[in-house]
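Working notes, beginning with the structure itself.
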Amino acid sequence: MVSKDEKLNRIKNDIFEKIEEYYKVKGEKSFIPGKDRILYAGAVFDEKEVISMVDSILKGWFGLGAKAREFNDLFSNYLGVFKTVLVNSGSSANLLALSSLCSKKIKKPIKKGSEVITPAVTFPTTFNPILQTDLKPVLVDVDIATYNCNVEQLKEAVTSKTSAIMLPHTLGNPNDMDTVMDIVEDYDLYLIEDNCDSLGSEFDGKKTGSFGVLSTYSFYPAHHITMGEGGAIAISKKDMQLYRTIRSLRDWGRDCWCEGDELSPNGACKKRFDWEINGIKYDHRYIYSHIGYNLKPTEIMTAMCLEQFKRINKFTRKRRENFQYLYNNLKKYEEYLILPVHHKKANPSWFAFPITVKNDAGFSREDITSFLEKKGIMTRLIFAGDITKQPAYKDISFRISGPKKNAENIMTNAFFIGVYPGLDMPRLKYINGIFNDFFKEVK
């Protein structure tokens, strides 16, 4: 007689086989030049991710569990860091990273009103946590071809009030980490690496995201791997108090830090009911040591990301290949365009291909991006550009350290196109052909 468990396993395997069959029939869609739009980014996945997610759904546990723990361990080992904490977005990761460094529970909390240095060319949710934690932003210019912090301005921006640097590796391009780390060590500053664009990038053979005390990641579909939304914080060196603080702030401010045995009556620590509040016996899962948030992803999302992570080396290699293919074609137009450069020690895992139109090019950014868009090639601007010019920050107090000539130039003249792994050779050749057509008209 067939048991209930055997029947369920058979049905589950049938479901998985149907998913595999679906993706075999679906196959790869042939590219139709001039008709199909070429995206600047997108999720690349197949039946493996879907089966993993369905498997989690059928198990019926939707909160973070075994797959989340497996991902955390794999991701930490990949980066060479102490711990990883999953969150619901890269933006939440940035907020939690800075919030945790302001917590009175850690050894050296950042004081309210302290300064945090960050580049003027940035994404809003790299900049916003500085404001949201009652700290003062100090903005520095960027270098025009790397789109990263100008390290000379970065050093000059440090004062006695400076506590931290919020440092994005823009579009996958690593900062000059030799100089950055000298500044961090000389002035005893916290470094948070916004590594959302840069998973897989390296500087001097070391992964970006492993230099600062904390680093942040986005798993939005445009990024290097995806779980639909989602993100993570990595803690570089062993610091259990900082780890527990991040967990607490992520999980409603809850003091409990147990992992595993989610359904165990007395918790994984076996001491769940041995705690007190003002002499009252109280369940540790309902003791709150921070004014926190709920910024957790789900086990279903993690199931997808776990499969995505198995492809990270392949994805990174393809991004670099796509970048180089486009660069080789666009190099002949350097009379008109500023092409991206990277530090000699850097090995970027490019998020995109940034381009700045020269002031004397004879055409504008709008001319070339409109041409590309009309031909079906998606373009994007360099995030917020010079963020001080955005309407949301009109009445915000911040300090600008030195002129930001390059930030203003990028705001006016820069854009990017995609290099993500979904771009195959027919699409790449089409992109190159359209650029060639544009410059035939210019000449």
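The values are calculated or read from the model by the stated rules, or taken from the named source; none is laboratory data. As the structure is a computational prediction, the values presented were derived from the model and not from experiment. Note: ideal-geometry Cβ built from the backbone for every residue, glycine included; neighbour counts use all protein chains shown.
A few notes on this one:
- Filtered residues of segment 375-414 (kept if surrounded by fewer than 19 Cβ atoms within 10 Å (Cβ to Cβ) and assigned to a strand (DSSP E or B)): 380, 399, 400
- All positions within segment 95-136 that are of a type in the set (A, V, I, L, M), assigned to a loop (DSSP other than H, G, I, E, B) and without any contact (Cβ under 8 Å) to a residue 60 or more places away in the chain: 135
Quick grid of which residues meet (1) modelled with pLDDT under 95; (2) touching a helix residue (DSSP H, G or I) at 6+ places or on another chain (Cβ under 6 Å); (3) among the aliphatic types (A, V, I, L, M):
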{"residue": "264", "(1), (2), (3)": "yes, no, no"}
{"residue": "293", "(1), (2), (3)": "no, no, no"}
{"residue": "300", "(1), (2), (3)": "no, yes, yes"}
{"residue": "343", "(1), (2), (3)": "no, no, no"}
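- Some residue of segment 69-81 being in the same structural domain as residue 204 (by TED's automatic domain parsing), in a loop (DSSP other than H, G, I, E, B) and closer than 30 Å to residue 338 by Cα: no
- Looking across 2, 50, one residue alone is among the hydrophobic types (A, V, I, L, M, F, W, C), more than 22 Å from the chain's Cα centre (by Cα), at negative phi and in a helix (DSSP H, G or I). It is 50.
- For segment 286-318, a residue qualifies if it is surrounded by 16 or more Cβ atoms within 10 Å (Cβ to Cβ) and under 25 Å from residue 109 (Cβ atoms), and the qualifying residues are 289, 290, 292, 293, 295, 296.
- For segment 288-311, filtered to residues that are assigned to a loop (DSSP other than H, G, I, E, B) and among the β-branched types (Val, Ile, Thr), the residue that is nearest to residue 132 (Cα to Cα) is 291.
- Check on residue 376, over 26 Å from the mean Cα position of the chain (by Cα), modelled with pLDDT of 95 or more and of a type in the set (Gly, Ala, Ser): yes
- Qualifying residue in segment 279-293 (condition: small (Gly, Ala, Ser), over 23 Å from residue 65 (Cβ atoms) and touching a residue at least 40 places away in the same chain (Cβ under 8 Å)): yes
- With respect to the stated conditions, residue 57 fails to be assigned to a loop (DSSP other than H, G, I, E, B) and among the aliphatic types (A, V, I, L, M).
- Residue within segment 352-359 that is assigned by TED's automatic domain parsing to the domain that holds residue 438, within 28 Å of residue 124 (Cα to Cα) and surrounded by fewer than 19 Cβ atoms within 10 Å (Cβ to Cβ) present: yes
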